[in-house]
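The block underneath contains the structure these notes are about, expressed in C-alpha cells.
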Amino acid sequence: MSEDGDCTCKVGRVTRKYGLDAVGSELASLWRGDDGESHSLRDLADRFNRRVLAAALRDASVEVLDGELQNTYRLLTDDEVSAGMRTQAVGRLERDGVDVEDVRNDFVSHQSIYTHLRECLNAEKGAEPVDRVASTRDTVGSMEARTEKIAANNLETLTGDEIALGEFDVIVTTHVTCDSCGRRQEFGELLANGGCQCRLER
C-alpha cells in the first residue's frame with residue numbers, strides 16, 4: 001500500500017498541501033468497514049473535504065466548533081442552499097482571510113476518492129457476504145431475551161395482593177405458522193430447516 005505522500009492523484013496532492021497525515025489509511029478503513037460499518041464513497045469525499053476546510057480555517061487562524069464546520073461546509077456545497085446564504089458564507093470566510101475559491105478547488109469528488117483508494121492505496125472492499133439468516137436469528141433472539149427480562153422485572157414489582165406467584169421463569173418463544181400448510185414452527189427451528197417443509201418438498 002502506498003502512502004498518501006507518494007501518490008500523484010488529486011487526493012494525494014491535497015493531502016500533502018494541507019498536511020492531512022494518515023488520512024488515506026483512515027479512508028481505506030472506513031471504506032472497508034473495519035469498524036463494522038462500510039461508508040460510501042460520497043460520505044468519504046464529504047469527510048475528506050471537511051478535513052480540507054478545517055485545515056484551511058486553521059491556517060487562517062479561524063476557530064470553529066465541529067457543528068459550525070459542518071454547517072459551513074454545507075453552505076459551500078449543498079445544492080439546496082440559497083445563493084444569498086452561500087454568498088454570505090463566502091463573504092464571511094474571505095473577511096477572515098480564507099481563500100474560498102482555492103479551498104473549493106481542492107475539494108474532491110467521490111470518484112477521486114475511489115481512484116485514490118484503488119490505484120494509490122490498493123485498498124479493497126471486504127468481500128465476505130453477510131449471513132442474513134444468522135443476523136435475523138440473532139435479532140429475534142435478542143428481542144425475545146429483552147421481552148423476557150422486561151416481563152420478569154415487571155412481575156417482580158407486583159405485590160402478593162396483586163398476583164399470587166412463587167419462584168418463576170419467563171420464557172418467550174416466537175413461532176411461525178405457515179399459511180399454506182398450517183404447520184407451526186419455532187422461529188429458530190424454521191431458520192435452521194431452511195423454511196417450511198411444504199415449500200422445500202416442491
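The values are calculated or read from the model by the stated rules, or taken from the named source; none is laboratory data. Note that the coordinates shown come from a computational prediction; the quantities given were computed from them, not determined experimentally. As a convention, Cβ positions derive from the backbone with ideal geometry for all residues, glycine included, and neighbour counts pool all protein chains shown. Note: areas computed on protein heavy atoms with side chains; ligands, DNA, RNA excluded. Shrake-Rupley method; radii C 1.70, N 1.55, O 1.52, S 1.80 Å.
Quick notes on this one:
- Whole-percent carbon and sulfur share, accessible surface of the chain, 1.4 Å: 45
- Most mobile listed residue (187, 168, 107) in the chain, GNM with C-alpha springs under 10 Å: 168
- The range 136-164-the range 43-101 distance, computed between alpha-carbon centres (Å): 50
- Note on the chain: with charges restricted to the Cβ of Lys and Arg (+1) and Asp and Glu (-1), its dipole about the Cα centre is near 820 debye.
- Spherically averaged projected area in nm², based on the convex hull that wraps the Cα atoms of the range 22-62: 3.1
- Förster radius 45 Å - calculated FRET efficiency between residue 66 and residue 147, Cβ distance, rounded to 0.05: 0.70
- Length-normalised contact order of the chain in % [C-alpha pairs under 8 Å, at least 6 apart]: 21
- Relative intensity, log₁₀ I(q)/I(0), of the range 146-199 from a Debye sum that treats every alpha carbon as a point, q = 0.15, 0.17, 0.23 Å⁻¹: -0.60, -0.66, -0.83
- For the range 136-202, the solvent-accessible area of protein heavy atoms averages 78 Å² per residue (probe radius 1.4 Å; ligands and nucleic acids excluded).
- Charge-dipole axis of the chain as Lys and Arg at +1 and Asp and Glu at -1 on Cβ define it, positive-most pick from 49, 111, 147: 111
- Of the GluC sites (Glu not before Pro) found in the range 1-68, the ones in coil according to DSSP and having at most 16 other Cβ atoms within 10 Å of their Cβ are 3, 37, 63.
- Percent RCO, i.e. relative contact order, over the range 1-72, from Cα pairs under 8 Å lying at least 6 residues apart: 21
- Helical contribution to [θ] at 222 nm, DSSP H n ≥ 4, -39,500 (n - 2.57), averaged over the chain, rounded to 500: -17000 deg cm²/dmol
- Whole-number percent relative contact order across the range 56-148, with pairs defined as alpha carbons under 8 Å at least 6 apart: 19
- Using the Cα coordinates of the chain, the gyration tensor eigenvalues translate into equivalent-ellipsoid semi-axes of 53, 26, 16 Å, sorted from longest to shortest.
- Low-density loop cleavage sites - GluC sites (Glu not before Pro) in the range 111-189, where at most 10 other Cβ are within 10 Å (DSSP): 162, 167
- For the range 7-66, a simple Cβ point-charge model (Lys and Arg +1, Asp and Glu -1, everything else neutral) yields a dipole of about 420 debye relative to the Cα centre.
- Gyration tensor (Cα) of the range 71-168, equivalent ellipsoid semi-axes in angstrom: 56, 27, 10
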